Amino acid sequence: MRQIRLNIHRNCGRTASINKGQKQRAGFSLLEVILALAILTTGVALLGELTRYGIDNAMSASELTQAQILCESKMNELVAGLITLGDVAESTYESATGEQDLDWSYSIITANTATEGLWIVEVRVTKIAENDPTPTSFSLYRWIRDPNYIPEVEDDEESEEDESTTRLNFPVDFDRVDGGGSYA
């Protein structure tokens, strides 16, 4: 059998070998099928990785939200006077019902400010995880009035006559107070 070499212009100058008497087959070559499978496999692998990344971020956001709620809860307990104002080092978090949540710990750091009778309080809540290199943590800062502080009463002749006009001398620079004194 004699083979004829034809120059096919549709194939950008590539030559095709056709046996005399046979028609050219329409379809995909093995190389095209392997290339398509490689592209499909890469796409599926990338989608799987994006899904895992999305799930990890959703879990991280959920833990951060829970840390914020627990931190605000401890801060509200301090403000209400349920917990005495003072430093607490890494203590296991207890819920309002008295149950211990062994996954979370909290610490409280207090410091005096330049204003007498005013404290800056930091409450930090941390997720306790054994194999987590960066555990979820959230801190909340707030200015709290010292419960033991008794402000001085000004002695005015008017205040002795009428007790309803008694003014408390509580020196706070309101220009330094930012939005009620809580920082997030």
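Here, each number is a calculation from the coordinates, and none is a lab measurement. None of these values were measured; they are calculated from a predicted model. Neighbour counts run over all protein chains shown; Cβ positions are idealised from the backbone, glycine included.
Below, the figures for the structure above:
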read-out: Calculated from backbone phi, Karplus (6.51, -1.76, 1.60) coupling profile of region 128-138 in Hz, x at Gly/Pro; value: 8, 9, 6, 9, 9, x, 10, x, 5, 9, 9
read-out: Spacing of the two label points (7 Å from each Cα toward its C-beta) at residue 112 and residue 24, in nm; value: 9.4 nm
read-out: Spin-label pair residue 79/residue 56, simplified geometry with 7 Å Cα→Cβ offset, distance in nm; value: 3.7 nm
